[in-house]
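Participant: Okay, here's the structure, questions in a sec.
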Amino acid sequence: MKKAIYGLQVLCLLISGCDGVESTTVESSSSRNQSSRESEQSKATQAQKPAFTTEQVAAGRKLHREILSNYPLLDDYYSNPSIHGALTNRPLATICVPSSDWNSLTETQRKSLKAFASSQIAVVKERPLHYARIPASAPAASTVRSNANKMSSNSWGIIIGSMSDDNRDIMLDDVVNANSS
């Protein structure tokens with residue numbers, strides 16, 4: 001490493017007469033690489049830790065059921081998770097919540113719903129075609145399976161939306177996920 005830095009210093013002097021600029025650049029590049037490796041290791045360690053507790057997941061499951069029970073005409077589809085963006089390279093395991101309810105929740109309640117949504121990743125990965133509502137014979141089935149298999153611990157979302165005029169469906173107005181607040 002010292003030879004490389006010395007070589008660059010000599011080259012720099014020969015080309016432009018600068019004094020030590022390149023060695024600083026090389027050293028900071030090396031420092032950046034080390035910092036980058038440490039950052040990746042930190043992310044890997046964080047990924048191993050469960051983001052939510054089992055208590056939060058249970059509270060979120062209960063809250064989700066309570067919210068949906070306020071809408072007796074709501075299609076049963078919404079009581080189960082689904083895969084949003086199943087044909088994209090970044091599908092999400094999602095649950096749905098009416099925006100009027102989402103807007104009235106406390107931060108603790110929102111966190112419990114996020115915990116519940118995140119717990120549904122394993123559920124949808126196990127049976128992706130079922131949760132994407134795609135028949136096994138569909139040409140897109142293999143793509144859905146492949147995409148679902150690549151889902152990570154951040155591949156969850158909560159679809160927030162207004163109710164349809166007949167109160168049978170929740171529209172997609174916004175998606176809250178691991179990368180949003």
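The values are calculated or read from the model by the stated rules, or taken from the named source; none is laboratory data. Just so you know, these numbers come straight off a predicted model, no measurement behind them. Glycine also receives a Cβ, built like all others from the backbone with ideal geometry; neighbour counts cover every protein chain displayed.
Participant: May I ask you to list the residues in segment 65-84 that are outside any loop (DSSP other than H, G, I, E, B) and either touching a residue at least 12 places away in the same chain (Cβ under 8 Å) or not hydrophobic (A, V, I, L, M, F, W, C) (or both)? Spell out the reasoning first.
Facilitator: Narrowing segment 65-84 to residues outside any loop (DSSP other than H, G, I, E, B): 65-69, 76-79, 82-84.
Listed by number, the residues that qualify are Arg65, Glu66, Ile67, Ser69, Asp76, Tyr77, Tyr78, Ser79, Ser82, Ile83, His84.
Participant: Quick one: what pairs do we get from segment 131-147, first residue touching a residue at least 40 places away in the same chain (Cβ under 8 Å) and outside the structural domain of Ile121 (by TED's automatic domain parsing), second outside any helix (DSSP H, G or I) and loosely packed, with under 13 Cβ neighbours inside 10 Å, C-beta under 9 Å, 6+ apart or different chains?
Facilitator: none
Participant: Regarding segment 112-129, can at least one residue be identified that is β-branched (Val, Ile, Thr), in the same structural domain as Ser79 (by TED's automatic domain parsing) and out of contact with any Phe, Trp or Tyr (no Cβ under 8 Å at 6 or more places or on another chain)? Let's see the steps before the verdict.
Facilitator: The initial filter retains those residues of segment 112-129 that are β-branched (Val, Ile, Thr), namely 121, 123-124.
Next, from what is left, pick out any that are in the same structural domain as Ser79 (by TED's automatic domain parsing): 121, 123-124.
Filter once more, keeping what is out of contact with any Phe, Trp or Tyr (no Cβ under 8 Å at 6 or more places or on another chain): none.
Checked against the condition, which is being β-branched (Val, Ile, Thr), in the same structural domain as Ser79 (by TED's automatic domain parsing) and out of contact with any Phe, Trp or Tyr (no Cβ under 8 Å at 6 or more places or on another chain), segment 112-129 yields no hits at all.
Participant: Would you mind stating whether Leu105 is assigned by TED's automatic domain parsing to the domain that holds Leu74 and touching a helix residue (DSSP H, G or I) at 6+ places or on another chain (Cβ under 8 Å)? Don't jump to the end; show me each part of the working.
Facilitator: Working: assigned by TED's automatic domain parsing to the domain that holds Leu74: yes; touching a helix residue (DSSP H, G or I) at 6+ places or on another chain (Cβ under 8 Å): yes.
Judged against the criteria, Leu105 is a match.
Participant: Can you find even one residue in segment 145-163 that is at pLDDT 95 or above, part of a strand (DSSP E or B), touching an Asp or Glu at 6+ places or on another chain (Cβ under 6 Å) and closer than 22 Å to Phe52 by Cβ?
Facilitator: Yes.
Participant: Among the residues of segment 137-155, write down those that are surrounded by 15 or more Cβ atoms within 10 Å (Cβ to Cβ) and small (Gly, Ala, Ser).
Facilitator: Filtering segment 137-155 for residues surrounded by 15 or more Cβ atoms within 10 Å (Cβ to Cβ) gives 141, 143-145, 147-148, 151, 153-155.
Scanning segment 137-155 gives Ala141, Ala148, Ser153, Ser155.
Participant: Filter segment 124-136 down to residues that are surrounded by 14 or more Cβ atoms within 10 Å (Cβ to Cβ), in a helix (DSSP H, G or I) and not hydroxyl-bearing (Ser, Thr, Tyr), then give me how many there are.
Facilitator: Step one: filter segment 124-136 for residues surrounded by 14 or more Cβ atoms within 10 Å (Cβ to Cβ), giving 124-125, 128-132, 134.
Remaining after also requiring in a helix (DSSP H, G or I): 124-125, 128-132.
If we keep only those that are not hydroxyl-bearing (Ser, Thr, Tyr) as well, we get 124-125, 128-130, 132.
The qualifying residues number 6.
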